[in-house]
Amino acid sequence: MKDKRLPRLFILAGFLTAILLAYLLVLYDVQVNQHESYLSLSAHSIPREEIIEASRGIITDRKGRPLVSNSSVYNLVFDTSRLRQGEDQNEAILRLLELCQSEGRAWTDTLPISQTTPFAYTLEDYSDDQKLRFFDYLRTFDRSSAALSAYILDHPELAELPAEDEDGALTAEEEAALTSKQRAKRLLDYLPGSAVTASLLQGAGLSAESVLLMLRNELELSPSFSLTQTRQVLGIRYELALRRLTGYTDIVLTEDVDITFISLVSDGGYAGTKVVRSTTRQYETTWAAHILGTTGPLWKEDLENPLYKDYPMNATVGRSGAEAAFEKYLRGKNGRRVVSTNSDGKITGQYYSKEPEPGSTVELTIDLDFQQFVEETLAETVENMNAQDRRRGKDDWEERGAAAVVELVNSGELLALAKQL
């Protein structure tokens, strides 16, 4: 008897064969006929690893009420590594700054030269560390380095050379054996930040305007830039140079941008830009400010502290108060994300290679309501004491200050800590 299942099996086998042939034809078309096309697309798919910033831990009082938290913001970042071949870095920066200016946005700029003519140094507004960073930046250019070397040889007393029993000290014979160039470098290396003044730079023949003109030539800014535009672009180039010392190619140009501004950047095709999500510290109260402290950027000098040994150089760290004291708990661990873009800069895919881990919550022993009461009472008491002294008409009286500490006797926990100066 003939098996009735055979026709069905033949039909099924034929169907599977047809599917296999179709698959092979598609594979052949992709691998052979369209090989060059897909190879080109693959070559223009650019994978880029990005660091995802972890949020910092929050600080609360003993009842869990937030004293310091975070708010989510978007920052505009300029990244030189995102510039395509043929795009001029200086032109891209100027275009971005003109956008910021038209939208009333401030941007990061710590170049210690005034923004408008007549140009002058503004070093008095900066710390000694910031002065030294600017001084070291000038030393990277031949012309300004030669001028500073000549000046320091005429004024060696400005340098603070190590004493005989300190590291780095040289014997008299070793000092005498130094060439002029070596001696100048040694003196410049030991110049303290407090000695970096406008008078020193001008004495070396480096006026603020001459430095701007020198930098314009060295960094190849277009002659069509006005002096004001030159100063603006050089401010960003200076920030980028500081970041490059620590291995980074980007800077946060302006923070906390809104959707309208983001749309302008996206639609305008601004070269070298990206908008990144970040967090900023949100101080929920004006009380206990001296306890909570502040945060700030991590600088190269901080890396001598073992606490920061594995920190990225663009990290934000606690600078004072509880923010600094509990840094190792508040700090989060950044994540990493791989983003693929095409030749037009549009994102074609992304995934997390490491999820960010937020920092821990730190609970202080102070009570916010009680802290407020103590601060207000202390301020009122000090004001009354000073008012009494004024009424007495003392010729040599001085403004008084005071401090108050409220502590739980059994545990030593601080409920309030106030001062009034």
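The values are calculated or read from the model by the stated rules, or taken from the named source; none is laboratory data. Model, not experiment: these values are computed from the prediction. Positions of Cβ are generated from backbone atoms using ideal geometry, with glycine treated the same way; all protein chains shown enter the neighbour counts. Accessible surface is based on the protein model in full, side chains and every heavy atom, while ligands, DNA and RNA are left aside. Shrake-Rupley method; radii C 1.70, N 1.55, O 1.52, S 1.80 Å.
Okay, here's what the table says:
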quantity	calculated
Some residue of region 196-211 being on the phi > 0 side of the Ramachandran plot and either among the polar types (S, T, N, Q) or at pLDDT 95 or above (or both)	yes
Scan of region 56-66 for residues that are within 24 Å of the chain's Cα centre (by Cα) and assigned to a strand (DSSP E or B), ordered by number	59
Residues of region 287-301 that turn out to be buried (at least 17 other Cβ atoms within 10 Å of the Cβ) and either touching a residue at least 60 places away in the same chain (Cβ under 8 Å) or within 15 Å of the chain's Cα centre (by Cα) (or both), as a count	6
Lone unmet requirement of (1) in a strand (DSSP E or B); (2) in contact with a Gly (Cβ under 9 Å, 6 or more places away or on another chain) for residue 324	(1)
Residue match in region 179-186 (condition: more than 29 Å from the chain's Cα centre (by Cα) and β-branched (Val, Ile, Thr))	yes
Candidate set from region 248-286 (those that are more than 27 Å from residue 90 (Cβ to Cβ) and under 17 Å from the mean Cα position of the chain (by Cα)); member that is most open to solvent (accessible area, probe 1.4 Å)	277
Any hit, region 365-374, residues being at pLDDT 85 or above, within 21 Å of the chain's Cα centre (by Cα) and surrounded by 14 or more Cβ atoms within 10 Å (Cβ to Cβ)	no
Test for residue 257: is it touching a helix residue (DSSP H, G or I) at 6+ places or on another chain (Cβ under 7 Å) and either under 30 Å from residue 102 (Cα atoms) or assigned to a loop (DSSP other than H, G, I, E, B) (or both)	no
Scan of region 212-221 for residues that are open to solvent by less than 60 Å² (accessible area, probe 1.4 Å) and over 25 Å from the mean Cα position of the chain (by Cα), ordered by number	214
Restricting region 222-247 to residues that are assigned to a loop (DSSP other than H, G, I, E, B) and closer than 22 Å to residue 105 by Cβ, the residue that is least open to solvent (accessible area, probe 1.4 Å)	225
